[in-house]
Amino acid sequence: MKSFEIARVVFCLSFALLVGCSSHSASPHKNLSVDADDTASNADQQPDLIPVIAALHDQMHSWEGTPYHWGGTKLSGVDCSGFVWRTLKDRFNIPMDRVTTSQLIHMGKRVDKNHLQPGDLVFFRIHHEMHVGFYDTDHQFLHASSSKGVMRSSLMNPYWQRVYFQARRLPKEYNAEITFNAEPVPVKLAKN
């Protein structure tokens, strides 16, 4: 009986050693280089968010209180997608034709709500219609509300939590030339 248990332990150890060696021996440096490359590429992809936040706040300062007007894109009246479009065009200098919320929701890549960064687009489903704004900081987002115009709201508000749909990141924002009201000359963002 003891020899059977010893044989079983030796077999299990041999099997574990073979499996462990075979998974690493095929390419001992491949896993390390992938991890190193992933770490380096993630560091390279981390944008400097300060100019993005500054551009969003500058836009908010200019547009806050602008009344809601369906299809609007001007300081006299703007809708949610018009506000997002004007911000992308005016602050981030992204050349694009006027877009709707249904077009914006297909742009960029989807982002988990727990990983939002300033500038991410946040989408809400309200009475079978889509609503969009920009994630700012500290669970706040900027948007053109149909009842109060351009304003800042909290994602922690139970209403916005209930109607939250998804978020998307447009990578062009993070390499854009940002324009501020006080600076007529665009500032080129540098990657870290």
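Only the coordinates and a few stated rules stand behind these numbers; no lab work does. Everything quoted here is computed from the prediction, not taken from an experiment. Cβ coordinates were reconstructed from backbone atoms using ideal geometry, including for glycine residues, and neighbour counts include every protein chain displayed.
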Taking segment 118-133, which residues are of a type in the set (Val, Ile, Thr) and either out of contact with any Leu (no Cβ under 6 Å at 6 or more places or on another chain) or surrounded by fewer than 17 Cβ atoms within 10 Å (Cβ to Cβ) (or both)? Val122, Ile126
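Would you check if Phe83 is in a loop (DSSP other than H, G, I, E, B) and buried (at least 21 other Cβ atoms within 10 Å of the Cβ)?
On the way: in a loop (DSSP other than H, G, I, E, B): no; buried (at least 21 other Cβ atoms within 10 Å of the Cβ): yes.
Spelling it out, it is not the case that Phe83 is in a loop (DSSP other than H, G, I, E, B) and buried (at least 21 other Cβ atoms within 10 Å of the Cβ).
Kindly indicate the residue of segment 94-109 that is touching a residue at least 60 places away in the same chain (Cβ under 8 Å) and either in contact with a His (Cβ under 9 Å, 6 or more places away or on another chain) or surrounded by 15 or more Cβ atoms within 10 Å (Cβ to Cβ) (or both) and also nearest to Ala55 (Cα to Cα) among those meeting that condition.
Narrowing segment 94-109 to residues touching a residue at least 60 places away in the same chain (Cβ under 8 Å): 94, 104-105, 107-109.
Retained after the next criterion (residues that are either in contact with a His (Cβ under 9 Å, 6 or more places away or on another chain) or surrounded by 15 or more Cβ atoms within 10 Å (Cβ to Cβ) (or both)): 94, 104-105, 107-108.
Working: Ile94: 13, Leu104: 19, Ile105: 22, Met107: 20, Gly108: 19 Å.
Restricting to residues being touching a residue at least 60 places away in the same chain (Cβ under 8 Å) and either in contact with a His (Cβ under 9 Å, 6 or more places away or on another chain) or surrounded by 15 or more Cβ atoms within 10 Å (Cβ to Cβ) (or both), the top hit is Ile94.
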Just checking, how many residues over segment 90-101 are outside any loop (DSSP other than H, G, I, E, B) and within 18 Å of the chain's Cα centre (by Cα)? 1
Requiring at least 3 residues that are hydrophobic (A, V, I, L, M, F, W, C), the strands (runs of 3 or more DSSP E) wholly within segment 102-160 are 121-126, 129-135, 140-145
Tell me which of these His115 doesn't satisfy, since it passes every other one: (1) under 17 Å from Leu170 (Cα atoms); (2) surrounded by 18 or more Cβ atoms within 10 Å (Cβ to Cβ). (2)
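Quick check on segment 138-169: of everything there that is aliphatic (A, V, I, L, M) and in contact with a strand residue (DSSP E or B) (Cβ under 7 Å, 6 or more places away or on another chain), which residue is farthest from Val52 (Cα to Cα)? Walk me through it before giving the result.
Start the filter on segment 138-169 by keeping residues that are aliphatic (A, V, I, L, M), which leaves 142, 144, 150-151, 155-156, 163, 167.
Remaining after also requiring in contact with a strand residue (DSSP E or B) (Cβ under 7 Å, 6 or more places away or on another chain): 142, 144, 150-151, 155, 163, 167.
On the way: Leu142: 13, Ala144: 19, Val150: 18, Met151: 18, Leu155: 19, Val163: 26, Ala167: 17 Å.
Selected residue: Val163.
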Any residue in segment 58-78 that is free of Cβ contacts under 8 Å to residues at least 60 places away in the same chain and under 14 Å from Lys89 (Cα atoms) sitting within a Cβ distance under 7 Å of a residue that is assigned to a loop (DSSP other than H, G, I, E, B) and of a type outside the set (S, T, N, Q)? List the pairs, counting only those 6 or more apart or interchain. Thr73/Arg98
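Considering segment 79-95 alone, what residues qualify as being among the aliphatic types (A, V, I, L, M) and out of contact with any Phe, Trp or Tyr (no Cβ under 7 Å at 6 or more places or on another chain)? Show your work before the answer.
Filtering segment 79-95 down to residues among the aliphatic types (A, V, I, L, M) leaves 84, 88, 94.
Scanning segment 79-95 gives Leu88, Ile94.
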